[in-house]
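Asker: The structure that follows is given in the form of structure tokens.
The values are calculated or read from the model by the stated rules, or taken from the named source; none is laboratory data. Computed from a prediction, not measured in an experiment: that's the story for all the values here. Cβ placement follows ideal geometry from the backbone for every residue including glycine, while neighbour counts extend to all protein chains displayed. Protein only, heavy atoms only, side chains kept; ligands, DNA and RNA dropped before computing areas. Shrake-Rupley method; radii C 1.70, N 1.55, O 1.52, S 1.80 Å.
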Amino acid sequence: MNPITPQLTIINPSSELLTHQTQLRACTLCPNMIRPVITCQPVLSPVMLIGQAPGIHEAKVMQPFGWTAGKTLFQWFSSIGLDEAQFRERVYMAAVCRCFPGKNPKGSGDRVPSEAEVSHCARWLDAELRLMQPQLLILVGKLAIKQFLAAKKLEEVVGRVHQRQLTGKIVDLLPLPHPSGLSTWPHMEPGKSLLRQALQTLQAHPVWQQLMHAELKAD
């Protein structure tokens, strides 16, 4: 795992990051996506969470994972030391796509973003990776995971830390299943055990340990 400084300070907000988010919220590159663009608190953090795309209800609260799936996700994180409020003020929450893709016209759930939509939004995620220079990425759901790791099945990657070179340095990646109520994977074996193993691995990660005791201050 990557070496980290003994004292971790979370700076909130950053003028450069605020400018980035203002430009992001003005993006109209994807005509089939349903605005608004959803952004998180502008916190400079060594940890980034990358989800898939906002759901239809996120526009009501204007924050990622702000509805039912978020309740499950934050229950996971609360079980290892950070409740929702603490997590949001300490972790930068991004996504593969930032607008609601719409409902799946051929079945239940939301539409999977097209390759073009993922490509359009990648410029924003790449910019955030350069701004954050994260030490740890938490990848939530298959769409987020496959942007960084080659895996056909969740059981191939969930439950352990992976390392990839990003923005010129080695970064730890920890995949998690999506907390959507439509997914049965986290509730059946081997998913149930692998999720528990992933959360235990995250809890033991030195950056997560420092995150729980981080000093928060304005820039």
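Asker: Hey, can you tell me all the residues within segment 121-144 that are more than 14 Å from the chain's Cα centre (by Cα) and either open to solvent by 60 Å² or more (accessible area, probe 1.4 Å) or among the polar types (S, T, N, Q) (or both)?
Answerer: ARG123, ARG130, GLN133
Asker: Which one of the conditions (1) among the acidic types (Asp, Glu); (2) within 20 Å of GLN197 (Cβ to Cβ); (3) free of Cβ contacts under 8 Å to residues at least 24 places away in the same chain does GLU115 fail to meet, given that it meets all the rest?
Answerer: Of everything listed in (1) among the acidic types (Asp, Glu); (2) within 20 Å of GLN197 (Cβ to Cβ); (3) free of Cβ contacts under 8 Å to residues at least 24 places away in the same chain, GLU115 misses just condition (2).
Asker: Among the residues of segment 79-101, count how many are loosely packed, with under 14 Cβ neighbours inside 10 Å and of a type outside the set (A, V, I, L, M, F, W, C).
Answerer: 2
Asker: List the number of the failed condition for ALA151; all other conditions in (1) under 16 Å from TRP76 (Cβ atoms); (2) free of Cβ contacts under 8 Å to residues at least 40 places away in the same chain; (3) surrounded by 14 or more Cβ atoms within 10 Å (Cβ to Cβ) hold.
Answerer: Tallying (1) under 16 Å from TRP76 (Cβ atoms); (2) free of Cβ contacts under 8 Å to residues at least 40 places away in the same chain; (3) surrounded by 14 or more Cβ atoms within 10 Å (Cβ to Cβ), ALA151 fails exactly one: (1).
Asker: If I filter segment 58-78 for residues that are touching a Ser or Thr at 6+ places or on another chain (Cβ under 6 Å), free of Cβ contacts under 8 Å to residues at least 60 places away in the same chain and over 23 Å from PRO31 (Cα atoms), do I get at least one hit?
Answerer: No, segment 58-78 contains no residue that is touching a Ser or Thr at 6+ places or on another chain (Cβ under 6 Å), free of Cβ contacts under 8 Å to residues at least 60 places away in the same chain and over 23 Å from PRO31 (Cα atoms).
Asker: Can you spot a residue in segment 104-114 that is surrounded by 13 or more Cβ atoms within 10 Å (Cβ to Cβ), more than 18 Å from ILE34 (Cβ to Cβ) and not acidic (Asp, Glu)?
Answerer: no
Asker: Taking segment 154-182 as the search range and keeping residues that are at pLDDT 95 or above and open to solvent by 70 Å² or more (accessible area, probe 1.4 Å), which one is farthest from LEU202 (Cα to Cα)?
Answerer: Checked segment 154-182; the qualifying residue farthest from LEU202 (Cα to Cα) is GLN165.
Asker: Just checking, which of PRO13, PRO42, PRO36 is modelled with pLDDT of 95 or more and not aliphatic (A, V, I, L, M)?
Answerer: Exactly one of PRO13, PRO42, PRO36 is modelled with pLDDT of 95 or more and not aliphatic (A, V, I, L, M), namely PRO36.
Asker: Among the residues of segment 183-202, are any in contact with a strand residue (DSSP E or B) (Cβ under 6 Å, 6 or more places away or on another chain), surrounded by 17 or more Cβ atoms within 10 Å (Cβ to Cβ) and in contact (Cβ under 8 Å) with a residue 60 or more places away in the chain?
Answerer: yes
Every residue, every condition in (1) farther than 20 Å from CYS121 by Cα; (2) not in a helix (DSSP H, G or I), yes or no:
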| site | (1), (2) |
| --- | --- |
| PRO64 | no, yes |
| ALA69 | yes, no |
| LEU73 | yes, no |
| GLU89 | yes, no |
| MET93 | no, yes |
| ARG98 | no, yes |
| PRO105 | yes, yes |
